[in-house]
Structures are given as C-alpha cells and as structure tokens.
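Here is the structure we will look at, set down as structure tokens.
We did not get these values from a lab; they are worked out from the coordinates using the rules stated. Fair warning: this is a prediction, and the values are worked out from it, not measured in the lab. Positions of Cβ are backbone-derived with ideal geometry, glycine not excepted, and every protein chain shown enters the neighbour counts.
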Amino acid sequence: MKIEKQGFIFDSEKAETKKKVCMFTSLFKHSSGRIFSSFRLGSRKDSADGIGVIAEFVDESEWEIIFSDFETQFEGKKGDIKVVELFERQDGGISAVLSWFDCSERTELYDASSDTILPAKLILVDSYDMGKSWLNYRFVDIGNLPGPALTGPILRTPNGYFVFFETYGPEKPGGTSCHVARAILSIDGINFGKIITVARHPENAIYYWDQRSTFDFETGKIITMFWTYDRKNEQDIDIHISYTDLKSLTWTVPVSTGIKGQIAAPVPVNGGRLLCFYVHRHYPGSMRLILSEDGGKTWNFEKELVIYQTSERMLAGTSKKSSYSQYWEDMNMWCFGHPSAVFLDDKHVLLSYYAGNDVSALSARYAIVSL
C-alpha cells in the first residue's frame, strides 16, 4: 500500500470563519461515480453551533463545498448537528440522515451527574439537485430509545437500507444507563421502521462504541467493527469485529481483532481481503490502514500504513487509566479521528478523517492510497 495523494477537504487553518473545528468526517460514493464528503463544523468540539457541511470531490485533488445550511432548530429548540450520513435513493437522488442534539439547556455532550448524553433525534432530509439544497425534514421514529447517535455510513443492501446508530441512557425511568449498537432498516429508503440490535453485551459490561459497517458483495454479509470499551475496568480494549446474516438480520457476537485502536472503518477488497482504516490512539497517535487477507480473522501488522501521525507525545486519556467521566472529557482534547473510506476504483481507496495541530483548528482531510 502506498499514499498517492493527500490534502484537505476543508483547511481550518486557512478558513476565514470562526468555525474551525471539523469532526465526524464521512464519505459517500454515488452510483454515477460522484463522491461527496460530509462533516460537522463548529467553533469547538463541544459547542452548540455545529453545522453539517457537504463537499464534492471535483477533480481528483480538489473539494468544493456545495452546502452548509442544514436547519438546526427543531420543535422550537436550538441544536447542534454532529453527523451527516448520505445515501442514494432508488430514484438516484440523495437523502441524508442527520444526528441532531438538543443544546437548549447545555452544550456538553455527556453529563456525568446523570450518566446521560444530550437529548437527540435522527432526522431524514432529501435533496433533488445532488446535495446543493435540502428539504422535507422529518424525524426518524425510533420510539423511546435514549440518546440516539449516528455511527457510520448508511448501507444499501439487497434487504434495503441500514442506518446505523447507537443509544445511550436508561431504558426505564430511574434505571442505569446502558449502551447498545443498533440499526434501523428501510426497504425503500423512505420509510424506516424495523430496529435491529447489532451488538449488546449481556451484562452491559462492554460497550461497542462507534460501529462502522460495510457490505461485502462477495460474501453477502455486512461487516461491522467497533471501538470497544470495558466499562467495568474503565479502559479501551481491542477493536472488535462482527458479521451479519442478512436472512435472519442478526450479527455474530463481536470478537477481538487484536488491533489496539478505537473507531475502525472496514473496506472489503476483492479476493476475500479486508482493509481497516482506524484510529491508533496510543503513542504514536496516528490514523492507520491495515490489511487482512482472510476477511478480518488475522491482520498484517508489519505492513500497516500510517496515513497521519500527530506531533503530540502524550495523548489525553491514553497515558494512564482515567475514570469513565474523565474519559469523556479527554475526548474533547483529541486532535484526530473519525475514519471513513470508499473505493475510487479497483486499485485506489479514498480515505477521510479530521486532524489538526490544535483542538481549536481541526481540518477535514483526505488521502488516496494505491493497493
């Protein structure tokens, strides 16, 4: 593997705006071959002014911002858009699901005193001009599930469209908070109804955070990878992986990949191979691409490729054990993350992530890698 080209989707250092913090980077490839990036842009990581931005890859090296004006107020409440995930409708148009958080009472995502996150909604919206304008805002009905947040790309499969999200909070009034990785299925990309459990520890002792999923056309399976956290011992453990049976809409119990990291984006390669673009949070902090020759069972650590490496020697939350509440605070100090990937062609993969030298200016970046 070799880095052929890299640069900025949005260069915060050069941006003439007060909003210079990019997060939650994602990629989407339309059937026409057009490629789009979406990300959250705000004044801080944990601010109430986040907007969803869409950029298009226009000439194999340049990105053009085509939209940055999603609505942020719903039901009379001002909120923050943290994630925008795009997908192609059956008519060839583009829709998006937004991860919106209610910031009317506070801005911090996590409240340690209640062990909950901000109230949130998943919002479906449509474009009829390839992302240049958006309309038809409506909530995705997920019932009374607490603290929903989008987690990675929306997949179109023979079964329909899978929107992946996680929930966090008490499932019953007065209960303790728990984490569940979930998906909601739509046959037509318009009506979303069937909610599926992707991963949940039976004792709620392990959290399968920030799932990232891909559809493997060779096997007909969805492959999902998880940033995995040991709640009891208050520390990250290896990235885990799981596979779905589309007939029963069930996932296998997640197992360790042996990769020490956090968010991990899987990308199937022909011949049963699997790429993983992941966050290597411990020293040296970096974004890395690693290959499996057997669909994710084993990984070639000797030939993994470093896409980006931070200059920081000590990363918050990684130098020593920290409490669960402190770990949430540490997340606001991290200066790189949120991997995403799509294929440009059979020999080149496009990657996106956010990174910067300082938490006050985090850019959306990309890299093209030849295989």
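Short-range pairs are left out: with C-alpha atoms under 8 Å and at least six residues apart, the relative contact order of the stretch 2-370 is 15 percent.
Computed from backbone phi, the HN-Hα couplings of the stretch 93-108 come to x, 10, 10, 9, 10, 9, 9, 10, 10, 6, 10, 6, 10, 7, 10, 5 Hz, rounded to whole numbers (Karplus: 6.51 cos²θ - 1.76 cosθ + 1.60, θ = phi - 60°; Gly and Pro given as x).
Express in nm, to one decimal, how much length is gained between S113 and D294 on full extension, taking 0.36 nm for each residue of separation and deducting their alpha carbon distance.
On the way: separation 181, 0.36 × 181 = 65.16 nm, distance 4.45 nm.
Full extension of this stretch gives 60.7 nm more.
Only helices enter the 222 nm calculation for the chain: every DSSP H run of n ≥ 4 contributes -39,500 (n - 2.57), and dividing by all residues gives -500 deg cm²/dmol, rounded to 500. Between L371 and N357, full extension at 0.36 nm per residue minus the direct alpha carbon distance yields a gain of 2.2 nm.
Which trypsin sites (Lys or Arg not before Pro) in the stretch 1-83 pass both tests, a DSSP loop state and at most 15 other beta-carbon atoms within 10 Å? Intermediate results must be reported in sequence, preceding the final value.
On the way: sites: K2, K5, K14, K18, K19, K20, K29, R34, R40, R44, K45, K77, K78, K82; in loops: K14, K18, K19, K20, R34, R44, K45.
Sparse-neighbourhood loop trypsin sites (Lys or Arg not before Pro): K14, K18, R34.
So if R0 is 35 Å, what FRET efficiency would F301 and N332 give, r being the distance between their Cβ atoms, rounded to the nearest 0.05? Working shown, then result.
Numbers: r = 30 Å, r/R0 = 0.86.
The value I calculate is 0.70.
Given a Förster distance of 51 angstrom, what is the FRET efficiency for I187 paired with M1, based on the Cβ-Cβ distance and rounded to 0.05? Once the sixth-power term is evaluated, E becomes 0.85. Between amide H atoms placed 1.01 Å from N, distances below 5 Å from F8 occur with Y366, all of them 5 or more places distant or on a separate chain. Taking label positions 7 Å along the Cα-Cβ direction at both D59 and R89, the computed distance is 3.2 nm, reported to one decimal. Taken one residue at a time, the phi angles of the stretch 75-81 give Karplus couplings (6.51, -1.76, 1.60, θ = phi - 60°) of 6, x, 10, 7, x, 10, 8 Hz. Gly and Pro are set to x. For S363, nonlocal amide neighbours, meaning residues 5 or more places apart or on other chains whose placed amide H falls under 5 Å from its own, are S12, C22, A355, G356.
Please report, in debye to the nearest 20, how large the charge dipole of the stretch 2-370 is about its Cα centre when each Lys and Arg carries +1 at its beta carbon and each Asp and Glu carries -1 there. Intermediate results must be reported in sequence, preceding the final value.
Working: 40 positive and 48 negative charges, 102 e Å.
Charge dipole, the stretch 2-370, about its Cα centre: 500 debye, nearest 20.
Measuring against 32 Å, Cα to Cα, the residue pairs K29/K303; K2/K121; K247/K303; K221/K347; K194/K297; K14/K303 contain K2/K121; K247/K303; K14/K303 as the ones spanning a longer distance. Straight-distance candidates among the aspartates and glutamates for linking to K77, with alpha-carbon spacing under 20 Å and chain neighbours fewer than 8 residues away dropped: D46, D49, D69, D102, E105, E108, D111, D141. 3J(HN,Hα) along the stretch 54-67: 10, 10, 10, 7, 9, 8, 6, 8, 10, 10, 10, 5, 10, 7 Hz, from the Karplus curve 6.51 cos²θ - 1.76 cosθ + 1.60 with θ = phi - 60°, whole Hz, x for Gly and Pro.
With q set to 0.11, 0.12 Å⁻¹, the log10 of I(q)/I(0) for the chain, from the Debye formula over equal scatterers at the Cα positions, is -0.70, -0.86. Please work out the Cα center distance from the stretch 143-220 to the stretch 74-136, rounded to the nearest Å. Centre-to-centre distance over Cα atoms comes out at 16 Å.
Checking the a/c ratio against 1.5 first, then a/b against b/c, what shape does the Cα gyration tensor give for the stretch 1-100? Don't jump to the answer; show the numbers that get you there.
Numbers: a/c = 2.29, a/b = 1.21, b/c = 1.89.
Here the stretch 1-100 falls in the oblate category.
Amide H contacts of Y308: M287, each under 5 Å away and 5 or more positions distant or on a separate chain (H built 1.01 Å from N in the peptide plane; Pro and chain starts excluded). The calculated FRET efficiency for H348 paired with T157, based on their beta-carbon distance and R0 = 25 Å, is about 0.55. Sparsely packed loop sites in the stretch 122-202 (the trypsin sites (Lys or Arg not before Pro) outside DSSP H, G, I, E and B with at most 14 other Cβ atoms within 10 Å) comprise K132.
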